[in-house]
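The values are calculated or read from the model by the stated rules, or taken from the named source; none is laboratory data. Everything numeric here is computed off the predicted structure, so don't read it as measured data. All Cβ positions, even for glycine, are placed from backbone atoms using ideal geometry, and neighbour counts span all protein chains on display. What goes into the accessible areas is simple: the full protein's heavy atoms, side chains included, and nothing from ligands, DNA or RNA. Shrake-Rupley method; radii C 1.70, N 1.55, O 1.52, S 1.80 Å.
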Amino acid sequence: MPGRVTERVRSALNANHRDAGHVVAGLAVAAGATLVTTWFATRLTPPASGPAITERPRGPFALILPAALSAGSLSLLRVWNAPRSPSRGAALRLWGAAQLANALWLGVRPRSLAGQMLAAMSTAGMAAAFANRAREVDEDAGKLAAPMGGGVRLGNRLDAAAGSD
């Protein structure tokens, strides 16, 4: 049974041909970048007035859940573990640029409608560029490169049910 679970995890991460150190390094890169971006989002973004478009994560899931469920992070791990190729390198650079752009926009926090639209469109464009390049490296990585807002909502419901708020 444990061997089958390990095999499924390695397959999900596209890590069948990679050593454990490489896989752990990829997990550390993804976790570190997502923690920094999530920290910026939770510390620098003021609470919205009026009804929220999406739910803000609460409880113990607040720090890592949005970033962990980001398809970009899951997709990154599949790309990271893929065999070396020019497309893999380009996808990794695009992911890094997208993380940097996200952190910069969170720091700038545009107030004008035009600035907010520019931030949203550039972020979406970077995510789409990464998804396209990731698909060239690994089809499943490309499919993963989409936000999963339903996962945040589910996490919040689990958190509320656990009574940790």
Any hit, the range 91-98, residues being modelled with pLDDT of 85 or more and either at positive phi or out of contact with any helix residue (DSSP H, G or I) (no Cβ under 7 Å at 6 or more places or on another chain) (or both): yes
Test: LEU100 is open to solvent by 60 Å² or more (accessible area, probe 1.4 Å), free of Cβ contacts under 8 Å to residues at least 24 places away in the same chain and under 13 Å from the mean Cα position of the chain (by Cα): yes
Which numbered condition ASN81 fails, given (1) at pLDDT 70 or above; (2) open to solvent by 40 Å² or more (accessible area, probe 1.4 Å): (2)
Pair list, Cβ < 7 Å and 6+ apart or interchain, from the range 11-25 residues that are under 18 Å from ALA134 (Cβ atoms) and open to solvent by 70 Å² or more (accessible area, probe 1.4 Å) to residues that are among the acidic types (Asp, Glu) and assigned to a helix (DSSP H, G or I): none
Among (1) part of a loop (DSSP other than H, G, I, E, B); (2) at pLDDT 85 or above; (3) open to solvent by 30 Å² or more (accessible area, probe 1.4 Å) - the single one ARG133 does not satisfy: (1)
Every residue from the range 107-119 that is open to solvent by 40 Å² or more (accessible area, probe 1.4 Å) and in a helix (DSSP H, G or I): GLY107, VAL108, LEU113, ALA114, GLN116, MET117, LEU118
